[in-house]
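Here is the structure we will look at, set down as structure tokens.
The values are calculated or read from the model by the stated rules, or taken from the named source; none is laboratory data. Treat the numbers as computed from the prediction; the structure is a model and nothing was measured. FYI the Cβ positions are ideal-geometry reconstructions off the backbone, even for glycines, and counts take in every protein chain you see.
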Amino acid sequence: MMKPAMIGALLAGVMFAGAPGAAQSVGVPVVRASPTPAPAPSGTSIIPVAPGQERLARAIANLEALRQGRRFTSDLSPEELQDVLELDRTARSGTLGDNRSFVQQCIDDEVRRNGGRPSRLAWGVIRLKCQ
């Protein structure tokens, strides 16, 4: 196993060997600016997208681009346009945050109809109704 001092010396030697005028600058550390990362293209997102959510992420990006005037509806494919229209419709209706399944929505509606505390018999009916 190499000691930290040995690793530092090797790294310093590698840095000095590649520097111009290395023979004159032995003992003077060479400081180079690290390259700046290239900016992400405007059409991509920095936020990681969960598997299976690519269409949603693309629809959100397209909707933002349409609102900002960077893209036009004629630039979108029929599938992308449909996704954007569906996303906009969902966002305007306010149901974007409701991720309950159909069965759970049905159960919640039926419980609400029964006054919030259904009897055992009512629960049986709700289970049959919401299958």
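Counting the residues of the range 80-116 that are touching a residue at least 12 places away in the same chain (Cβ under 8 Å) and charged (D, E, K, R) gives 5. Among the residues of the range 85-112, just one is part of a helix (DSSP H, G or I), of a type in the set (Lys, Arg) and within 30 Å of ARG127 (Cα to Cα), namely ARG112.
Rundown of residues vs (1) under 23 Å from the mean Cα position of the chain (by Cα); (2) at pLDDT 90 or above; (3) loosely packed, with under 10 Cβ neighbours inside 10 Å, yes/no style:
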site: PRO29; (1), (2), (3): no, no, yes
site: GLU64; (1), (2), (3): yes, yes, no
site: THR90; (1), (2), (3): yes, no, no
site: LEU128; (1), (2), (3): no, yes, yes
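Of note, GLN82 does not satisfy the criterion of being within 30 Å of TRP123 (Cα to Cα), part of a helix (DSSP H, G or I), among the polar types (S, T, N, Q) and at pLDDT 90 or above.
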